[in-house]
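A.B. asks: Let me begin by handing over the structure; questions about it come next.
The values are calculated or read from the model by the stated rules, or taken from the named source; none is laboratory data. These numbers were taken from a predicted model, which means no experiment stands behind them. Here the Cβ positions follow ideal geometry from the backbone for every residue, glycine too, while neighbour counts run over all protein chains shown. Each accessible area value is taken on the protein alone, full model and side chains, heavy atoms only, with ligands, DNA and RNA left out. Shrake-Rupley method; radii C 1.70, N 1.55, O 1.52, S 1.80 Å.
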Amino acid sequence: MGVVSNQTIVALSSGANRAAIAVVRVSGRLARFAAEAILDKPLVHRRAQRAILRNPATGARIDDCIAILFAGPHSATGEDVLELHVHGSAAVIAAVLALLPALSDEIRLAEPGEFSRRSLYNGKLDLLQVEALGELLAAETDAQLQQAQRQLSGELGAVARRWADELVQARSWIEAELDFSDEGDVDSGAFGRARRATLALRGEVGAVLSGEAHGRRIREGFSVVITGRPNAGKSSLLNALTRRDVAIVSERPGTTRDVIETSVALAGWPVVYVDSAGIQESTDPIEQEGIRRALSRARQADVVVSVFSHDAPELDAADTGSLGTVRVYSKADLGGQPPPGALMVSSRTGQGLEGLELEIIKRLSASGPAEASLVSRERHRRCLVEMRDCLDRSLAAGLPELAAEDLRGASSALSRLVGQTDLDTVLDRLFEGFCIGK
Ligand SMILES: Nc1nc2c(ncn2[C@@H]2O[C@H](COP(=O)(O)OP(=O)(O)OP(=O)(O)O)[C@@H](O)[C@H]2O)c(=O)[nH]1
Ligand SMILES: [Mg+2]
């Protein structure tokens, strides 16, 4: 679905579970007509009004609701928008969603993300903000909420617009020098000025990019991988840390083969705990595959929790997470002497669990600035890396023509970032993940 149609769209914008109130939104040319057709009184722009909602064909009363009309362009989508706050019963919602499209061929149910798509085309939000909206709705922890809010504020879009201006300016300096250089009267400092501007821009792009890994971890969750020998107590630890019975525990070594992931919020940080097969020499092909997966997850870990116990020695060549490794001597309730630097933990009694969580949090906090990152998607990273590389090439270029050409490359990477190029492709992919009514 590339273009915005001029049909009027309808969707349930609140959650689908049973609730006291449900919100149905209508956006488009016929929103006002729809309001007049089904409500018993005319609506005033932006005023919440109580009204009786009826099926105009049969006169049957459907609900007593609160209705608000937002006349375009002063609405979320930029079009006329009707919001109906009805009782959240399945029957009322079904009746309203059937009633509205029946009013006209020009009214239909919305597709996922279609409201946001209209906001974007009508200049209410830019692409980066629409992405941030997706993040806000998916946010489960405070860190994710803060990051989504920062991105939703449009800060990156504003920075990108300034960068775009600066790129144009730098290019025009170079081009001026190129065009008039034979005439002898040009400001011969223009090329140098362009290079200084490029250098400053390069620094700014680098700074935003350096926050990207942190931003992406906040969006996707930090991976904390529990690793160790068979029977070390890894699955018991996963269950204890997540306070859920997610992994099978048994006294038989080699119990876990698959990779088990569980997401939790740890002091506001989104964390994905990963449990997997114990590492040992094995001839069983299924166990070998489990071990291969375990090692591969440990290599990508943000934090590795290396577990060992009195009856399962420490892995000597454990992978270290990008944010470090926490060594855990498990089954502490059975006694034993841990080597220095290891935390004593018992999944059975809960001893040491809090200390372990604190150690993990300490490493997560070291990952990046407490403040939310401006970028958090692979798409952002790719555009910014391309822009940075173009700027680097421009700075290294001996000839002004080449320097200008690379600045053009930087501009086009930037315009992809903010959605001035390839917008429809990006949107189609983005909205696959959106729910209807957004
Ligand atoms: N007393 C005591 N026993 C524990 C503790 N943690 C685990 N165990 C026992 O140790 C055995 C192995 O525990 P698991 O959690 O299955 O160990 P694992 O590391 O996941 O083992 P594999 O999946 O085979 O690699 C089980 O019999 C557990 O009951 C603990 O804190 N205290
Ligand atoms: Mg296990």
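A.B. asks: Sticking with the crude label model, points 7 Å out along Cα→Cβ, report the distance from residue 283 to residue 109 in nm, one decimal please.
C.D. replies: 5.9 nm
A.B. asks: Starting from the Cα of residue 50, step 7 Å toward the Cβ, then list every residue of the stretch 62-83 with an amide N under 15 Å from that point.
C.D. replies: 63-68
A.B. asks: Can you compute 3J(HN,Hα) from phi for each residue in the stretch 40-54, using the Karplus curve 6.51 cos²θ - 1.76 cosθ + 1.60 with θ = phi - 60°, rounded to whole Hz and x for Gly and Pro?
C.D. replies: 3J(HN,Hα) across the stretch 40-54, in whole Hz: 8, 8, x, 9, 10, 3, 6, 10, 6, 10, 7, 8, 8, 9, 10.
A.B. asks: Still on this structure, I have one more. Give, rounded to the nearest 20 debye, the magnitude of the charge dipole that the chain has about its Cα centre when Lys and Arg contribute +1 at Cβ and Asp and Glu contribute -1 at Cβ.
C.D. replies: 1380 debye
A.B. asks: Could I ask something else about it? Could you work out how much longer the chain between residue 258 and residue 16 gets when fully extended? Use 0.36 nm per residue separation minus the Cα distance between them, nm to one decimal. Walk me through the intermediate numbers first.
C.D. replies: Values: separation 242, 0.36 × 242 = 87.12 nm, distance 3.33 nm.
Taking 0.36 nm per residue and subtracting the Cα distance, the gain is 83.8 nm.
A.B. asks: Not counting ligands, DNA or RNA, and with a 1.4 Å probe, what is residue 395's accessible surface area in Å² rounded to the nearest 10?
C.D. replies: Spelled out: residue 395, probe radius 1.4 Å, area about 40 Å².
A.B. asks: So, one more: What residue among 30, 209, 334 has the largest mean-square fluctuation in a Gaussian network model of the chain, using Cα springs under 10 Å?
C.D. replies: Largest GNM mean-square fluctuation: 334.
A.B. asks: Considering only DSSP beta bridges where both residues belong to the stretch 8-126, give the percentage that are antiparallel (nearest 5).
C.D. replies: 85 percent
A.B. asks: In whole angstrom, note down how far apart the Cα centers of the stretch 374-406 and the stretch 1-49 are.
C.D. replies: About 44 Å separates the Cα centre of the stretch 374-406 from the one of the stretch 1-49.
A.B. asks: While we're on this one: Projected onto the charge dipole of the chain (+1 at Lys/Arg Cβ, -1 at Asp/Glu Cβ, origin at the Cα centre), which of 206, 154, 23 gives the Cα projection farthest towards the positive end?
C.D. replies: After comparing all options, I get 23.
A.B. asks: For the chain, what % of the accessible area comes from carbon and sulfur atoms, probe 1.4 Å?
C.D. replies: Numbers: 10820 of 20810 Å².
Solvent-exposed carbon and sulfur of the chain make up 52 percent of the total.
A.B. asks: Show me, for the stretch 229-246, the HN-Hα J-couplings you get by feeding each phi into the Karplus relation (A = 6.51, B = -1.76, C = 1.60, θ = phi - 60°), rounded to Hz, glycine and proline as x.
C.D. replies: 6, x, 6, 5, x, 5, 5, 4, 5, 4, 4, 5, 5, 8, 6, 9, 9, 8
A.B. asks: Right, another one. Can you return the lysines within cross-link range of residue 234? Criterion is Cα-Cα under 28 Å, with same-chain partners fewer than 8 residues away left out.
C.D. replies: Within the straight-line limit of under 28 Å, residue 234 reaches these lysines: 331, 362.
A.B. asks: In the chain, what % of DSSP beta bridges are antiparallel (nearest 5)?
C.D. replies: On the way: 32 of 53 bridges.
Around 60 percent antiparallel, to the nearest 5.
A.B. asks: Efficiency by 1/(1 + (r/R0)^6): what FRET value for residue 310 and residue 137, r their Cβ-Cβ distance, R0 = 45 Å, to the nearest 0.05? Numbers along the way, then the final one.
C.D. replies: Working: r = 47 Å, r/R0 = 1.05.
Efficiency, from the Cβ-Cβ distance: 0.40.
A.B. asks: Moving to a separate point now. Would you please give the residues with an amide H less than 5 Å from that of residue 228, counting only those at least 5 places away or on a separate chain, with H modeled from the backbone geometry?
C.D. replies: The answer is 279, 307.
A.B. asks: At a probe size of 1.4 Å, how large is the accessible area of residue 359, to the nearest 10 Å²?
C.D. replies: It works out to around 40 Å².
A.B. asks: Projecting each Cα onto the charge dipole of the chain (Lys/Arg +1, Asp/Glu -1 at the beta carbon, about the Cα centre), which of 227, 303, 38 comes out farthest on the positive side?
C.D. replies: 38
A.B. asks: Send over a whole-number figure in Å² for the accessible area per residue of the stretch 8-126, probe 1.4 Å.
C.D. replies: Values: 5500 Å² over 119 residues.
For the stretch 8-126, the per-residue accessible area is 46 Å².
A.B. asks: Moving to a separate point now. Before I look further, what does the stretch 223-365 give for accessible area per residue, probe 1.4 Å, in whole square angstrom?
C.D. replies: Numbers: 6880 Å² over 143 residues.
Roughly 48 Å² per residue, with all protein chains present.
A.B. asks: Taking springs between alpha-carbon atoms closer than 10 angstrom, which of 360, 286, 66 fluctuates most in the Gaussian network model of the chain?
C.D. replies: 286
A.B. asks: Label-point separation (nm) for residue 149 and residue 29, each offset 7 Å from Cα along Cα-to-Cβ?
C.D. replies: 4.0 nm
A.B. asks: How much of the DSSP beta bridge set in the stretch 223-365 is antiparallel, as a percent to the nearest 5?
C.D. replies: Details: 9 of 25 bridges.
Here the share of antiparallel DSSP bridges comes out near 35 percent.
A.B. asks: Expected output is a single nm value to one decimal: the length gained when fully extending between residue 348 and residue 158, i.e. 0.36 nm times separation in residues minus the C-alpha distance. What is it? Mind dumping the intermediate values first?
C.D. replies: Numbers: separation 190, 0.36 × 190 = 68.40 nm, distance 5.26 nm.
63.1 nm is the gain from fully extending residue 348 to residue 158.
A.B. asks: Also, quick follow-up: Kirkwood hydrodynamic radius, the stretch 251-372, all distinct C-alpha pairs: what's the number in Å?
C.D. replies: Numbers: mean 1/r = 0.0644 Å⁻¹.
Answer for the stretch 251-372: a Kirkwood hydrodynamic radius of 15.5 Å.
A.B. asks: Still on this structure: Quick check: residue separation of residue 392 and residue 41 times 0.36 nm, minus the Cα distance between them. What number comes out in nm?
C.D. replies: Numbers: separation 351, 0.36 × 351 = 126.36 nm, distance 6.31 nm.
Result for the pair: 120.0 nm of gain on full extension.
A.B. asks: Would you kindly derive the ³J(HN,Hα) couplings of the stretch 349-357 from the backbone phi angles with the Karplus curve 6.51 cos²θ - 1.76 cosθ + 1.60 (θ = phi - 60°), listing them in order in whole Hz, with x for Gly and Pro?
C.D. replies: 9, x, 4, x, 5, 5, x, 5, 4
A.B. asks: Note down the nm distance, to one decimal, between modelled labels 7 Å out along Cα→Cβ at residue 320 and at residue 89.
C.D. replies: Reported label-point gap for residue 320 and residue 89 is 6.4 nm.
A.B. asks: For residue 344, tell me the accessible area in Å² from a 1.4 Å probe, rounded to the nearest 10.
C.D. replies: 60 Å²
A.B. asks: Determine the dipole magnitude for the stretch 8-126: charges of +1 sit on the beta-carbon of Lys and Arg, -1 on that of Asp and Glu, nothing else is charged, the reference point is the Cα centre, and the result goes in debye to the nearest 20. Please report the intermediate quantities before stating the final value.
C.D. replies: Values: 14 positive and 12 negative charges, 51 e Å.
The calculated dipole for the stretch 8-126 is roughly 240 debye.
A.B. asks: Considering the chain as a Gaussian network with a 10 Å cut-off on Cα pairs, which listed residue, 282, 346, 309, attains the greatest mean-square fluctuation?
C.D. replies: Largest GNM mean-square fluctuation: 282.
A.B. asks: Right, here's the next one. Given only helices, namely DSSP H runs of n ≥ 4 each adding -39500 (n - 2.57), what is the per-residue ellipticity at 222 nm of the chain, to the nearest 500 deg cm²/dmol?
C.D. replies: Values: 14 runs with 193 residues, N = 438.
Mean residue ellipticity, 222 nm, calculated: -14000 deg cm²/dmol.
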